[in-house]
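Novice: One structure, as structure tokens, below. Some questions next.
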Amino acid sequence: MNGAITIAAAFFWLFAFIMVAAAVLVICAKNPVHAVLYLILAFFNAAGLFVLLGAEFLAMILVVVYVGAVAVLFLFVVMMLDVDFAALRAGFIRYAPLGALVGTIVGLELIMVVLTTVIAPGSLSTASAPIPSPGSGITNTEAIGRVLYTQYAYYFEGAGLILLVAMIGAIVLTLRHKQGVKRQSIAAQVARRKSAAIEIIKVAPGTAAVPPTRASR
């Protein structure tokens with residue numbers, strides 16, 4: 001039993017150290033491609049920590065969704081787009097005070113979490129544990145679903161709404177219309193009248209009808 005605990009603790013410290021180091025390298029890397037690769041490494045080690053906690057479903061979702069979709073998408077976008085990173089770094093000094101304020105708030109929140117666990121260790125027992133007991137017959141996925149869709153249903157729906165608004169905003173901000181490309185306009189089609197679509201030409205008897213030129217139209 002002690003050997004099993006020692007091995008689990010060793011894997012925990014290994015995954016935790018690599019994940020923290022990879023997260024620091026994501027921020028410090030000058031090459032954006034290297035930053036995305038370090039991010040993928042951090043995701044894999046976070047998945048290992050989830051496996052140690054008994055949350056296999058969360059580990060699988062982290063690898064499949066974030067590593068397989070989000071991080072790889074970031075990597076392809078960074079490699080394919082001609083982004084001027086020098087211009088992006090030019091405004092670093094201007095946004096440094098705001099970044100420092102946000103970092104200070106996050107740091108204070110982390111300190112409050114650590115102090116809460118030290119001063120009142122019993123407060124952790126009040127939180128719902130999604131990991132089922134071995135003899136309950138409930139899978140990890142079912143336990144997480146019960147917690148999400150019962151006690152945290154409104155928070156879960158609110159997070160989905162925020163992500164939907166962020167997705168729509170990203171599409172609106174990045175949408176660019178090219179000049180000279182014909183597109184369908186439903187409003188213009190509905191507002192079109194017969195006088196704009198049909199031209200009636202009166203032809204005198206014995207003469208040929210001459211079609212109007214493009215300029216006359």
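Novice: Sort out for me the helices (runs of 4 or more DSSP H) sitting completely within the stretch 102-217 that have 2 or more residues that are out of contact with any Leu (no Cβ under 6 Å at 6 or more places or on another chain) and modelled with pLDDT of 85 or more. Outline the logic, then answer.
Specialist: On the way: elements: 140-146, 153-174, 186-190, 194-197.
Once the helices (runs of 4 or more DSSP H) in the stretch 102-217 are filtered for at least 2 residues that are out of contact with any Leu (no Cβ under 6 Å at 6 or more places or on another chain) and modelled with pLDDT of 85 or more, what remains is 153-174.
Novice: Here is a further query. Pairs please, first residue from the stretch 55-77 and within 14 Å of P32 (Cβ to Cβ) and modelled with pLDDT of 75 or more, second anywhere and of a type outside the set (A, V, I, L, M) and open to solvent by less than 60 Å² (accessible area, probe 1.4 Å), Cβ atoms under 7 Å, 6+ apart in sequence or on different chains.
Specialist: If the second residue must be of a type outside the set (A, V, I, L, M) and open to solvent by less than 60 Å² (accessible area, probe 1.4 Å), the pairs left are A71/F43.
Novice: Of everything in the stretch 23-54, what is free of Cβ contacts under 8 Å to residues at least 24 places away in the same chain, of a type in the set (A, V, I, L, M, F, W, C) and over 16 Å from V72 (Cα atoms)? Give them in sequence order.
Specialist: Matches in the stretch 23-54: A23, V24, L25, I27, C28, A29, A47, F50, V51.
Novice: Exactly one of these conditions fails for M79: (1) under 23 Å from L148 (Cα atoms); (2) surrounded by fewer than 18 Cβ atoms within 10 Å (Cβ to Cβ). Give me its number.
Specialist: For M79, the exception is condition (1).
Novice: Of all residues in the stretch 135-163 being among the aliphatic types (A, V, I, L, M) and open to solvent by 80 Å² or more (accessible area, probe 1.4 Å), which is nearest to F57 (Cα to Cα)?
Specialist: Quick first cut of the stretch 135-163, residues among the aliphatic types (A, V, I, L, M) only: 138, 143-144, 147-148, 153, 159, 161-163.
Checking the rest, the ones that are also open to solvent by 80 Å² or more (accessible area, probe 1.4 Å) come to 161-163.
Working: L161: 23, I162: 24, L163: 21 Å.
Filtering first and then ranking leaves L163.
Novice: Every residue in the stretch 81-101 that is part of a helix (DSSP H, G or I) and at pLDDT below 70, please.
Specialist: Going residue by residue through the stretch 81-101, those that are part of a helix (DSSP H, G or I) are 85-90, 92-101.
Scanning the stretch 81-101 gives F85, A86, A87, L88, R89, A90, F92.
Novice: List, please: which pairs have Cβ atoms under 8 Å, are six or more places apart or on different chains, and start with a residue in the stretch 179-193 that is without any contact (Cβ under 8 Å) to a residue 12 or more places away in the chain and end with one that is assigned to a loop (DSSP other than H, G, I, E, B)?
Specialist: If the second residue must be assigned to a loop (DSSP other than H, G, I, E, B), the pairs left are R183/H177.
The values are calculated or read from the model by the stated rules, or taken from the named source; none is laboratory data. Model, not experiment: these values are computed from the prediction. All Cβ positions, glycine included, derive from the backbone under ideal geometry; neighbour counts span all protein chains shown. Each accessible area value is taken on the protein alone, full model and side chains, heavy atoms only, with ligands, DNA and RNA left out. Shrake-Rupley method; radii C 1.70, N 1.55, O 1.52, S 1.80 Å.
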